[in-house]
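Colleague: If you scroll down you'll find the structure; I have some questions about it.
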Amino acid sequence: MEGMKIYLIGFMGAGKSTVAPILADKLGLEWVDTDDLIEEKEGLSIPEIFEYYGEDRFRELERETIEEVSQSGPKVVAVGGGAPMDEKNWKRMKSTGEVVYLEIGPEEVLGRVGSDGNRPLLAGLDREERKEKIDKLLKIRHPRYNKADHVVLCNGTGATVLADEITRKLAEENELG
């Protein structure tokens with residue numbers, strides 16, 4: 001697994017940012033979260049970037065960040081939920097590392113993110129509207145997410161167990177590859 005990048009993708013609340021440091025530790029790699037890198041670079045939170053500059057500008061920053069990360073050394077990368085929907089991001093991730101989809105169902109998403117104010121795409125929505133938005137976005141994103149190199153089901157599974165499962169899948173692939 002030397003020299004590789006592992007991109008964790010999935011819907012908001014899937015646990016990408018929680019699993020990344022545990023997985024990185026198991027693999028002896030560093031880890032980054034693209035949302036954190038964007039916030040550091042811009043000096044603004046993700047909700048502030050959405051509010052002040054809009055989603056298009058955020059997606060542009062996300063593309064730049066994924067490009068930079070893809071050109072750096074081996075690491076585990078937690079990627080924002082919408083990033084894989086961008087064709088450039090998708091091709092870059094697939095060509096520079098292994099893409100792992102942390103799959104989560106709509107009810108679990110709602111339970112985990114609830115009324116989290118750091119979720120710009122759900123801001124200002126009541127519970128029923130959030131549920132509808134989550135269902136709609138998942139239906140749009142799932143077909144792309146499902147093209148990942150590996151799919152790991154997350155519903156109710158702890159981060160350490162997920163990191164173990166991902167490590168096992170990567171090791172099996174390397175033995176076969």
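Colleague: With angles folded into 0 to 90 degrees, how steeply does helix 16-27 sit against the dominant principal axis of the chain? Use alpha carbons for both and round to 10.
Modeller: Value to nearest ten degrees: 10.
Colleague: Right, another one. With N set to the residue count of the chain, report its C-alpha Rg divided by 2.2 N^0.38 Å to two decimal places. Before the final figure, lay out each step's value.
Modeller: Details: Rg = 15.6 Å, N = 177, 2.2 N^0.38 = 15.7 Å.
Scaled against compact globular proteins, the figure is 0.99.
Colleague: May I ask what percent, to the nearest 5, of DSSP beta bridges between residues of the chain are antiparallel?
Modeller: 0
Colleague: What residue among L125, L23, L37 shows peak mean-square fluctuation when the chain is described by a Gaussian network model with Cα springs under 10 Å?
Modeller: With Cα springs under 10 Å in the chain, the top fluctuation among L125, L23, L37 is at L125.
Colleague: Most mobile of E103, E40, E67 per a Gaussian network model of the chain (Cα springs, under 10 Å)?
Modeller: Among E103, E40, E67, the largest GNM mean-square fluctuation belongs to E40.
Colleague: While we're here: Can you tell me the relative contact order of region 5-162? Whole percent, Cα pairs under 8 Å, sequence separation 6 or more.
Modeller: Dividing the mean separation by the residue count of region 5-162 yields 35 percent.
Bear in mind these aren't lab numbers, they're just calculated from the coordinates by the rules spelled out. As the structure is a prediction and not an experimental result, all values here were calculated from the model.
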